[in-house]
Every structure is written in structure tokens, then in C-alpha cells.
Amino acid sequence: MSSLAASEKSSPNAMGPKEVELILVKEQNGVQFTSTTLVAPAQTNPSGEEERETWGKKIDFLLSVIGFAVDLANVWRFPYLCYKNGGAILYIMSVMSIILSPAGVGFTVILISLYVGFYYNVIISWALFYLFSSFTRELPWVHCNNTWNSPNCSDWADNSSIGDIYKATPAQEYFERAVLHIQDSNGIGDLGRPRWQLTSCLAVVIILLYFSLWKGVKTSGKVVWITATMPYVVLTVLLLRGVTLPGAIDGIKAYLSVDFLRLCDAKVWIEAATQICFSLGVGFGVLIAFSSYNKFSNNCYRDAIITSSINSLTSFFSGFVVFSFLGYMSHKHNVALDKVARDGAGLVFVIYPEAIATLPGSSVWAVIFFIMLLTLGLDSAMGGMESVITGLIDEFKFLHKHRELFTLFIVVSTFLISLFCVTNGGMYVFTLLDHFAAGTSILFGVLIEAIGIAWFYGVDRFSDDIKEMIGHRPGRYWRLCWKFVSPCFLLFMVVVSFATFNPPNYGSYMFPQWANLLGWCLAMSSMTMVPLYAIYKLCTLPGRFCDRLAYAITPETEHHLVDNGEVRQFTLHHWLVV
């Protein structure tokens with residue numbers, strides 16, 4: 001018996017490339033039997049490396065990006081900032097101007113995402129705690145006859161002054177005394193032990209995050225089908241209910257009012273820049289991490305326009321929901337709207353629950369509202385975690401084979417640090433992290449990214465890369481923004497952010513000097529990654545200083561040009577071309 005085997009690779013098709021194995025067997029009597037089998041090849045690229053995982057469907061990627069961009073900040077921060085900074089239309093003009101402006105910094109964004117995860121997951125655990133508490137006939141934050149209430153508590157129905165209400169309303173005391181137990185702490189230096197109720201909720205959140213991320217984008221891409229779409233359903237339901245309430249129209253009118261003089265205030269632009277960077281994930285590395293799982297020919301231009309547009313429209317839409325209820329509260333208490341309008345945790349865990357408690361079927365509305373908060377928070381938390389995991393796995397290749405264990409390590413580490421935020425004084429830790437972890441450092445990270453791409457890599461090379469991906473170069477408007485407008489604007493924002501810094505506070509509590517110093521160390525720890533990594537590269541690369549500098553500022557794919565003395569960055573044309 002003799003045999004002959006041949007292997008041939010078929011052309012790529014919709015099912016992906018396959019290998020055709022042809023086996024020819026010749027029998028003694030001259031009869032030939034031919035056997036053909038299809039063998040799926042190992043997924044490798046031309047360099048022999050394993051192919052990168054990709055999204056199961058295009059919609060999985062878009063939902064993941066939109067789910068991350070549309071987060072709690074769209075509900076609890078954006079509407080209030082619009083109202084405070086000159087009205088929705090004016091503030092959106094500021095935000096849109098920032099949207100249209102588009103290796104050490106990699107570690108910067110990873111650290112920022114990690115720091116935000118330390119306290120962002122705590123917000124989700126608060127929402128989960130409230131969700132469990134909402135499954136009652138009467139919501140627990142309606143009256144003052146509970147064990148956690150203080151003598152200063154008085155029911156909102158018995159008050160005529162909003163000043164009295166918001167010193168000790170049942171809703172405020174429920175959040176601060178029943179959920180946080182802040183009355184048992186004297187400040188950030190007196191944290192106490194983690195509370196088991198919030199710790200349990202935090203553990204549930206961490207478990208949900210792990211099983212959404214452990215297998216990569218194949219699993220997280222399916223989870224976002226629920227977490228990214230649910231908020232729109234709930235927001236629509238709440239808006240339909242909110243606009244029927246007395247005073248809702250007055251609240252919406254205040255939301256849409258315009259004060260053009262606010263454009264002269266630098267703080268408006270700083271808050272707009274921080275808001276859009278935080279909301280869209282610019283500076284967190286999330287968009288880069290998600291996009292890295294796309295195919296090379298993916299239309300990144302279209303995705304960027306879709307994502308930024310949906311994010312801004314969602315923020316604008318949620319403002320109608322928020323201010324319809326704030327207008328209702330203002331009407332109910334017969335006070336000015338600015339007495340009830342606030343942002344942050346005070347809005348979604350005090351004002352909104354209080355408003356919901358006055359509605360017929362309040363428990364049902366509370367369940368709906370806190371489910372929305374959960375879904376808003378979970379997909380954003382997933383994005384932040386994914387940027388950390390993907391960034392470190394790409395940098396340290398050996399981690400790729402141990403993704404599940406590494407993901408477990410990241411989420412457990414985050415859980416352990418987050419325990420400081422669920423102690424009696426945890427709100428002080430939360431406030432410190434929120435103030436320092438992702439403010440100026442985000443603007444700095446985006447500034448370095450803009451300079452790195454537009455000036456060192458080059459707008460012309462970047463445009464060529466985009467043409468190779470989508471078939472055409474970006475227009476001159478975009479190239480001018482990348483080259484000049486964005487870096488200058490961001491540099492101005494960073495400088496002003498440092499110059500106008502205000503120390504954090506929680507109510508009347510002012511943080512001690514050592515806490516502010518600790519906060520600045522946290523913020524600087526991420527920003528210093530850029531110069532530290534630059535020094536590291538200059539010290540470890542071979543050759544003279546000029547050679548090391550040339551290698552450091554040149555992409556690895558062009559190092560062979562540096563060997564021949566051809567360094568684009570050392571020519572005037574590179575710095576002037578747009």
C-alpha cells in the first residue's frame with residue numbers, strides 16, 4: 001500500500017480561511033480511493049502570532065461603546081451642569097466643541113481607569129442596596145419614624161421651607177444614616193469597619209463584572225445587549241411620567257434657559273471638558289481597548305460620530321427627565337428650582353427617591369429607577385475594567401494565556417480597595433477619589449495623546465492610516481483640529497485646572513491637609529507615568545543620546561529607517577505638514 005498526502009489552503013470566504021487536506025490512497029488492485037477533509041487552521045497572522053479576538057457582531061461593539069459612554073454621569077451630572085452653566089443649549093455648544101476636537105500615556109490611562117473603578121463600583125452597590133430596599137409596600141425613606149432617623153428629621157409634607165427640608169429630610173437621612181452610616185464617623189481619619197450590607201452589594205457587583213469580562217469581548221458583547229438598551233426604556237418611561245407632574249414644565253424651561261455670559265467663565269469650559277472626557281471615555285483607554293478588537297477595515301470615523309452623537313443626545317434627553325422631576329419638587333414645596341437642583345449622589349440617591357416616594361405606586365417606580373442606575377453603571381464599569389485588562393495583557397503578552405485568572409486578580413484587587421468606601425466614613429474616601437482620581441489627570445492624559453498622535457506620529461501619517469482603513473483621508477478641518485485646536489485647547493484646560501483648584505469637601509466637612517496631599521499624590525501618580533516611562537526608554541535604548549531619542553519618538557515599524565539615519569521627526573516638514 002502506498003499513500004500520498006497534500007495540503008492546500010483555500011481562499012478566504014465568509015466562513016474564514018480553511019485548509020483542504022487531500023489524502024490519496026492506492027490499493028494493490030489498482031483501485032484508488034480519495035479522501036478529502038477540511039481542517040480549521042490555527043488563527044495566526046502573517047508574523048506567526050495568534051490572531052486577536054474580535055467582536056462577535058458589529059452591533060456588540062457599538063453597544064459596548066455606547067453603553068460605556070452613556071453612564072451615570074449622563075443622569076446625575078450633565079443635566080445639573082447644563083442648568084448651572086448657562087442652560088442646556090449653551091452647555092451642549094461647549095461640549096460639542098470639545099467632541100469635535102478630538103507608551104507612557106498608556107500606563108496613565110490604565111491607572112486612571114483603575115482608580116475610577118475603586119469608587120465607581122461603590123455607586124453601583126448603592127443602587128443595588130436601594131433596589132433591594134424598594135421591594136416594600138412603603139419606601140423606607142418616606143417618614144422619620146425609623147431607627148436611623150435623628151431628632152432633626154422632619155417629613156417633607158410638614159415643612160414650608162426647603163432650607164429645613166434639605167437639612168434633614170427622610171430621604172437624605174436614609175442615604176447618609178441608613179445606607180452610609182456617616183454619623184458613626186468623625187471624618188476621613190475615622191473610617192471604621194466595612195459595613196456588611198454594602199460589602200455584600202459590592203461583592204455582587206464584582207461577581208457580575210467578573211463573569212461579564214472573564215472570557216473577553218465575546219461575553220461582554222452579549223451582556224451589553226441588556227445593560228446598554230435598558231436605560232433608554234426606563235428613561236422614556238420616567239419622562240412620560242415626569243412631564244405629567246405639576247411644575248414639570250417650569251423645570252424643563254429652566255433646563256433650557258440660556259445665559260451666553262457664562263461662556264466667559266473658564267470654569268464652564270473646564271467642567272465641560274472633564275464631563276465629555278469622563279463620559280465618552282476619552283483618556284480612559286476604553287475606546288482604544290474596545291476598538292482593538294475590531295477588524296482592521298472597521299469604519300472608525302463613522303463609529304466615532306455615532307458614539308459621540310448618541311452620548312450627547314442621551315445626556316440632553318436625560319436632562320428633560322431629571323428637570324421634570326426637579327420642577328415637580330420645586331412646585332410641591334413652593335420654592336425656587338435652584339434650592340432643589342443638585343448633582344452627584346445627592347440627585348440620584350436623595351432628590352429622585354424623594355420625588356418618586358410621592359407618586360402613586362412609588363415602590364414600582366423606585367424599582368424601575370434603580371434598575372436603570374444599575375444598568376447604566378454596570379456597562380460603564382465593564383468598559384473601565386476592560387481597558388485595564390486589555391492594556392496590561394497587550395503590554396505583558398504572557399498574561400494572554402491566563403486572562404481568566406488575571407481578570408479575577410484585577411476585580412478582586414478592586415474589591416479590596418473599594419472596601420474603604422463602604423465603611424462608616426467611606427463617603428469621605430469616595431469624595432476624595434472622585435475629586436482627584438479623574439479630573440485634571442484625564443485632561444492631561446488626553447493632552448499627551450493629542451500631542452503624541454498629531455505631532456510626534458504626525459497628522460499626515462495618521463490620516464494615511466485612516467485612509468488605509470476606511471478608504472479616504474479625513475478632511476482638512478479634522479486635521480487642523482488634531483494638529484492645533486485640540487492640543488492648544490487641552491493645554492489651556494490643564495493649566496487653568498491647576499490654577500483654579502479648589503480642595504474637596506463633603507457638606508460642611510473640610511478635608512484635612514494630609515488628605516488633600518494624599519489626593520494630589522493619587523492624581524500625580526498617573527500623570528507622572530508619562531515622564532517616568534520616557535526616561536526609562538531613553539535609558540534602556542542602545543546608542544548615543546540622539547539615537548535613543550530617535551528610537552523613542554519613532555514607531556517600532558520605522559526603526560529600520562532610524563538605522564539608516566532617516567528620522568521623520570528630525571525634519572521641518574514633519575512638524576509643519578497637516
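The values are calculated or read from the model by the stated rules, or taken from the named source; none is laboratory data. Keep in mind that this is a model prediction, so the values were computed, not measured. All Cβ positions, even for glycine, are placed from backbone atoms using ideal geometry, and neighbour counts span all protein chains on display. Side chains are part of the model used for accessible areas, which takes the heavy atoms of the whole protein and leaves out ligands, DNA and RNA. Shrake-Rupley method; radii C 1.70, N 1.55, O 1.52, S 1.80 Å.
Of note:
- Volume per residue of the C-alpha convex hull in the range 201-251, rounded to whole Å³: 102
- Annotation for the range 269-311 versus the range 110-129: alpha-carbon center distance of 20 Å.
- Ranked order, C277, C300 - accessible area, probe 1.4 Å, largest first: C300, C277
- Label-to-label distance, N502 versus M469, with points set 7 angstrom from Cα along the beta-carbon direction: 3.9 nm.
- Calculated accessible area for the range 141-281 comes out at 47 Å² per residue, all protein chains present (probe 1.4 Å; ligands, DNA, RNA ignored).
- Charge sum, other residues only, whose C-beta stays under 13 Å from V223's C-beta, Lys/Arg counted +1 and Asp/Glu -1: 0
- Solvent exposure, largest accessible area first (probe 1.4 Å, DNA, RNA and ligands not counted), of T169, T199, T244: T244, T199, T169
- Segment K267-R461, extension gain: residue separation times 0.36 nm, minus the distance between their alpha carbons: 66.3 nm
- Computed accessible area, F409, all protein chains, 1.4 angstrom probe, square angstrom: 130
- Ordered from highest to lowest accessible area with the whole protein assembly present and a 1.4 Å probe, L490, L405 read as L405, L490.
- Kirkwood-type hydrodynamic radius, the range 236-295: 15.2 Å, calculated from all non-identical alpha-carbon pairs.
- Above-threshold pairs, the threshold being 31 Å between Cα atoms, out of K58/K397; K57/K397; K215/K483; K267/K483; K401/K483: K215/K483; K401/K483
- Using a Förster distance of 51 Å, the FRET efficiency for T540-A336 (Cβ separation, nearest 0.05): 0.25
- Compactness relative to 2.2 N^0.38 Å, alpha carbon Rg of the range 360-462: 1.49
- Gain on full stretching of the segment that runs from L576 to W196 - 0.36 nm per residue minus C-alpha separation: 130.8 nm
- With distances taken between every two different alpha-carbon atoms, the range 446-498 has a Kirkwood hydrodynamic radius of 11.6 Å.
- Computed P(r) (all Cα pairs; the range 443-578; 10 Å bins; percent): 10, 29, 30, 18, 9, 3, 0
- Taking every protein chain into account, the 1.4 Å probe leaves I466 with about 20 Å² of accessible area, to the nearest ten.
- Whole-angstrom Cα spans of the range 281-407 along principal axes, big to small: 62, 34, 24
- Compared with the rule-of-thumb size 2.2 N^0.38 Å for a compact globular protein, the range 387-444 has a Cα radius of gyration ratio of 1.43.
- Alpha carbon convex hull of the range 530-578, projected area averaged over orientations, nm²: 4.0
- Distance from the alpha carbon centroid of the range 463-542 to that of the range 180-233 works out to 28 angstrom.
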